[in-house]
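A short worksheet on the structure shown next.
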Amino acid sequence: METVKFGIIGLGLMGREFASAAMRWKHLSDMEVQPEIVSICDINLTPEMEQWYREGLSTVKQACTDYLDVVNNPEVEAVYCAVPHNYHEQFFVNIITAGKHLMGEKPFGIDRRANDAINRAIADNPEVFVRCSSEFPFTPAMQRLCRMIGEDVFGDIIEVESGFLHSSDMNVSKPINWKRMIQYNGEYGVMGDLGMHPCHVPFRAGWKPINVRAYLSNLVKERPDGKGGMAACETWDNATMFCEAEHPHGGTFPMTIKTQRIAPGEKNTWYLTVRGMKCSAKFSTKNINRIEILKYDGGEQAWQCIDMGHETTFKSVTGGIFEFGFSDAILQMWAGFLYELKNGRPKTNFSGCVTPDEALLSHKLFTASLESHKMRSTVEVI
Ligand SMILES: NC(=O)c1ccc[n+]([C@@H]2O[C@H](COP(=O)([O-])OP(=O)(O)OC[C@H]3O[C@@H](n4cnc5c(N)ncnc54)[C@H](O)[C@@H]3O)[C@@H](O)[C@H]2O)c1
């Protein structure tokens, strides 16, 4: 088994997800490459945090608080960087310039300017493999929908709806954290926080938004500051982006992309619906194993509900009829990253991670959406 030696920068929520995936790499049964985590870094490294990582990963040799120690560690071949958005530009640029492969978290730069700087570093270091994290398309039911996109079964597309909806911010007494502060999360607000996820599959399908009319909402304007007072909460909570999308085979259709932190009744719902003249299909993580398909050949219009099991793109030891969950999607995404790093191409078009070009397109869309909301008009996505 070939090994890629990794450093993790940012040991919070997502850092732990990657570490946990690496700890159960044996779960994947036909991988020819595996991650070996040799270095961990967090500015707020605590003894408990370090212990958690070291207990699960005997391969860790370096634990540090300065990300440059990871960047300058000659043993580190690749880095997973999961830090607040205000650090993406500086950290990603330094990692790439040091010649290390990178899985960077979304939104891949706090704004368009930061994303441009990251893309310049990528262009200057073409030998470095860089991808952006987004795991939901790796669920088996969604991979099936993706195969249908690849097989072009939908006919002329009537419309596409894609979204990512949370409800935890409905609780107005939830204290503020960095994801609700412009200086750390960025002007995009919820679009920067959640937006890459619903863009992933449409962009990989080649459905390109060419203009957008966006509506952004700041529903909760202040939150407890965690110290007994209140703090201004200026980030956009919800965003609805009505796009005109171009199909790679010609023609346009309406595509609606929603990112909401305040969506009543939703927990962590990522969905995609494609409606076409010959076929339609729906997927939502609310019912993560199910794909719904409606084929139309002039006869009855009936939705078929198909439950799928653990029929993953990257084979695992789990029985084929068992259900799939979030941490399985993370493991599959990492398999996708390492497969493409080793082979120079993804196993299938939709089992590759988000490319820097796709991340750039999301920045173009979010930047145009900010302008659209401000001007109350449709804005070109350029
Ligand atoms: N792919 C997904 O599903 C998903 C989900 C949540 C968050 N994210 C993204 O992951 C990234 C991190 O989010 P999170 O939820 O893990 O946040 P988090 O707050 O749980 O973790 C971030 C960690 O970074 C550390 N950190 C902050 N500044 C640092 C610095 N200068 N140097 C080193 N470490 C530093 C913090 O101490 C913290 O432990 C963000 O880009 C976010 O958008 C992705």
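The values are calculated or read from the model by the stated rules, or taken from the named source; none is laboratory data. None of these values were measured; they are calculated from a predicted model. With ideal geometry, Cβ positions are generated from the backbone for all residues, glycine too; neighbour counts draw on all protein chains shown.
Things worth noting here:
- When residue 40 is tested against (1) within 12 Å of the ligand (Cβ to nearest atom); (2) within 17 Å of the chain's Cα centre (by Cα); (3) farther than 20 Å from residue 179 by Cβ, only condition (2) is not met.
Residue-wise test of (1) surrounded by fewer than 15 Cβ atoms within 10 Å (Cβ to Cβ); (2) part of a helix (DSSP H, G or I).
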| site | (1), (2) |
| --- | --- |
| 294 | no, no |
| 298 | yes, no |
| 313 | no, no |
| 335 | no, yes |
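- Beta carbons closer than 6 Å, at least 6 apart along the sequence or on distinct chains, pair a first residue in segment 349-367 that is assigned to a helix (DSSP H, G or I) with a second that is of a type in the set (A, V, I, L, M) for 356/122; 356/130; 362/196; 364/381; 365/381; 366/191.
- The set of residues in segment 178-202 that are of a type outside the set (Ser, Thr, Tyr), surrounded by fewer than 22 Cβ atoms within 10 Å (Cβ to Cβ) and at pLDDT 95 or above comprises 178, 181, 182, 183, 187.
- For the residues 151, 127, 161, the requirement of being away from the ligand (no atom under 16 Å from the Cβ) and under 24 Å from residue 241 (Cβ atoms) singles out 161.
Residue-wise test of (1) part of a loop (DSSP other than H, G, I, E, B); (2) surrounded by 17 or more Cβ atoms within 10 Å (Cβ to Cβ).
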residue	(1), (2)
149	no, yes
154	yes, yes
159	no, no
162	no, yes
165	no, yes
172	yes, no
176	yes, yes
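Conditions (1) surrounded by fewer than 18 Cβ atoms within 10 Å (Cβ to Cβ); (2) farther than 20 Å from residue 120 by Cα; (3) within 16 Å of the ligand (Cβ to nearest atom), marked per residue:
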| site | (1), (2), (3) |
| --- | --- |
| 48 | yes, yes, yes |
| 58 | yes, yes, no |
| 70 | no, yes, yes |
| 101 | no, no, no |
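- Counted residues, segment 130-141 - those being over 29 Å from residue 88 (Cα atoms) and buried (at least 23 other Cβ atoms within 10 Å of the Cβ): 1
- Residue match in segment 245-255 (condition: in the same structural domain as residue 148 (by TED's automatic domain parsing), polar (S, T, N, Q) and over 21 Å from residue 281 (Cα atoms)): no
- Screening residue 26 on (1) out of contact with any Ser or Thr (no Cβ under 8 Å at 6 or more places or on another chain); (2) assigned to a helix (DSSP H, G or I); (3) within 13 Å of the ligand (Cβ to nearest atom); (4) in contact (Cβ under 8 Å) with a residue 60 or more places away in the chain shows it passes everything except condition (3).
- Some residue of segment 327-346 being more than 18 Å from the chain's Cα centre (by Cα) and among the β-branched types (Val, Ile, Thr): no
- Residue within segment 7-17 that is within 16 Å of the ligand (Cβ to nearest atom), under 21 Å from residue 186 (Cβ atoms) and part of a loop (DSSP other than H, G, I, E, B) present: yes
- Residue in segment 252-262 that is more than 18 Å from the chain's Cα centre (by Cα), within 16 Å of the ligand (Cβ to nearest atom) and not aromatic (Phe, Trp, Tyr) present: no
- Scanning segment 244-268 for residues that are over 15 Å from residue 201 (Cα atoms) and assigned to a strand (DSSP E or B) turns up 244, 252, 253, 254, 260, 268.
- Where a residue in segment 5-17 is under 19 Å from residue 342 (Cα atoms) and its partner, wherever it lies, is within 6 Å of the ligand (Cβ to nearest atom), with Cβ under 7 Å and at least six apart: 7/41
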